[in-house]
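To start, the structure itself, in C-alpha cells.
The values are calculated or read from the model by the stated rules, or taken from the named source; none is laboratory data. Model, not experiment: these values are computed from the prediction. Every residue, glycine among them, receives a Cβ derived from its backbone with ideal geometry; neighbour counts consider all protein chains shown. Each accessible area value is taken on the protein alone, full model and side chains, heavy atoms only, with ligands, DNA and RNA left out. Shrake-Rupley method; radii C 1.70, N 1.55, O 1.52, S 1.80 Å.
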Amino acid sequence: MEDLEFYANVNVDEVNKIYNKLTNNAPCPICKTGELSFLATEDDTLAVTKQTSNFVTPEGKIDEVTFPTFTLICTTCSTQQTLNTKIIMAALEKEKTDEQE
C-alpha cells in the first residue's frame with residue numbers, strides 16, 4: 001500500500017504537463033480529437049489503481065505481476081487507458097532533475 005500512497009500524492013497538473021510533453025500533445029488515439037487527461041481526486045492528486053497482468057515465463061509457466069497505474073480519459077469520447085505509474089514518475093523525476101541543472 002505504501003507505493004499507492006506515494007503515487008496518490010502527486011499533483012495531476014504536474015503529471016499532465018509531463019505526459020503531454022512526452023507525447024507531443026498527441027490527441028486521443030481513438031477519436032483523434034480529444035485530449036487525454038489523468039483521473040484525479042477532489043484535491044487534484046492522481047487517482048491510483050492496481051492492475052494485475054498474467055504472463056508466460058521462459059519456462060512456459062503462467063506467472064502474475066501486480067503494479068500501480070494511473071488512468072487517462074479522453075475529454076471527447078471518454079475512452080480510458082491505463083499507464084504504469086513508474087513510467088510517468090520516471091519522466092517527472094527526470095524533468096525535475098533537468099530543471100535543477
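Of note:
- Length gained when the stretch Ala47-Thr66 is fully extended (0.36 nm per residue, less Cα-Cα span): 5.2 nm
- Computed over protein heavy atoms with a 1.4 Å probe, the carbon and sulfur contribution to the accessible area of the chain reaches 50%.
- Here the simple spin-label model places points 7 Å from the Cα toward Cβ, and for Leu4 and Thr82 these points are separated by 1.2 nm.
- Working note: Karplus 6.51/-1.76/1.60 with θ = phi - 60° gives region 78-91 the couplings 6, 4, 10, 9, 9, 9, 4, 4, 5, 5, 6, 5, 5, 5 Hz, where Gly and Pro are set to x.
- Close Lys pairs in the chain (alpha-carbon distance under 30 Å; sequence gap of 8 or more, or different chains): 20.
- Listed residues Pro58, Pro27, Pro68, most fluctuating in the chain (Gaussian network, C-alpha, under 10 Å): Pro58
- Taking amide H atoms as placed 1.01 Å from N in the peptide plane, the amide H of Thr69 lies under 5 Å from those of Thr49, Lys50, Gln51, Thr85, each 5 or more residues away in sequence or on another chain.
- Gaussian network model of the chain, springs between alpha carbon atoms under 10 Å - residue of Asn20, Asn54, Asn84 with greatest fluctuation: Asn54
- Comparing Ser78, Ser53, Ser37 in a Gaussian network model of the chain (Cα springs below 10 Å), the most mobile by mean-square fluctuation is Ser53.
- For region 47-101: rounded, prolate or oblate by the Cα gyration tensor [a/c cutoff 1.5]: oblate
- Summarising the amide proton neighbourhood of Ala40: residues at separation of 5 or more, or on other chains, whose placed amide H is nearer than 5 Å comprise Ala47.
- Surface analysis of region 32-101 yields an accessible area of 68 Å² per residue, using protein heavy atoms and a 1.4 Å probe.
- Cα-projected label distance for Cys31 with Lys94, points at 7 Å along beta-carbon direction, nm: 3.0 nm
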